[in-house]
Amino acid sequence: MSSQLLSQLNRWIARRGEDVTLRRYFGSGPSRTNTDLTLPAKVKGLVAEQLIGAVAQQTYFIVLSPTHIVSDGWPHVPPPAPGSEVISSDSDARLPTVADKVLVHAKERAISRVVAVFERGLCVRIELTATG
């Protein structure tokens with residue numbers, strides 16, 4: 001059932017999604033580097049908040065499939081087990097975190113919430129909330 005759910009999600013995102021880029025930074029200061037992964041996602045704008053004057057901040061709900069993350073090896077850290085082809089724990093370093101960023105509509109946005117959805121021990125969906 002889990003692989004069927006993942007296949008359905010991949011088809012749904014392929015039909016109705018758009019490309020976003022996950023970004024993880026390493027280090028700090030001038031030596032800071034990053035690793036990116038562009039992948040399809042379903043993006044829904046939630047609310048636009050008026051901050052100061054004409055400056056607005058948009059909140060997005062983003063649904064990702066773990067398929068591209070696993071196949072790319074993003075963020076290029078060793079998987080929890082050699083040759084691991086699935087994400088089976090919410091502590092897997094390949095899952096996005098609130099310290100990561102996501103580029104939506106060519107603008108870097110802060111991730112404020114990450115929920116990995118598991119079915120029978122397999123990550124079948126990743127939900128992000130991002131603002132910026």
Hey, could you check the range 14-44 for residues that are of a type in the set (Ser, Thr, Tyr) and in a strand (DSSP E or B) and say which is farthest from LEU128 (Cα to Cα)?
THR33
Report, by residue number, each residue of the range 56-79 that is among the aliphatic types (A, V, I, L, M), within 17 Å of TRP12 (Cβ to Cβ) and surrounded by fewer than 21 Cβ atoms within 10 Å (Cβ to Cβ).
VAL63
Identify the residue in the range 118-132 that is among the hydrophobic types (A, V, I, L, M, F, W, C) and over 13 Å from the mean Cα position of the chain (by Cα) and, among all such residues, is surrounded by the most Cβ atoms within 10 Å (Cβ to Cβ).
LEU122
Contact list, first residue from the range 59-86 and within 17 Å of ASP100 (Cα to Cα), second anywhere and part of a helix (DSSP H, G or I), beta-carbon distance below 6 Å, six or more apart or interchain, is SER65/LEU9; SER65/ASN10; SER65/ILE13
So SER89 fits all but one of (1) of a type in the set (Gly, Ala, Ser); (2) in a loop (DSSP other than H, G, I, E, B); (3) in contact with a Leu (Cβ under 6 Å, 6 or more places away or on another chain); what number is the exception?
(3)
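Taken together, the values in this text are just the output of simple stated rules run on the coordinates, not laboratory data. Nothing here was measured: the structure is a model prediction, and the numbers come from that model. Backbone-built Cβ (ideal geometry, glycine too); neighbour counts: all protein chains shown.
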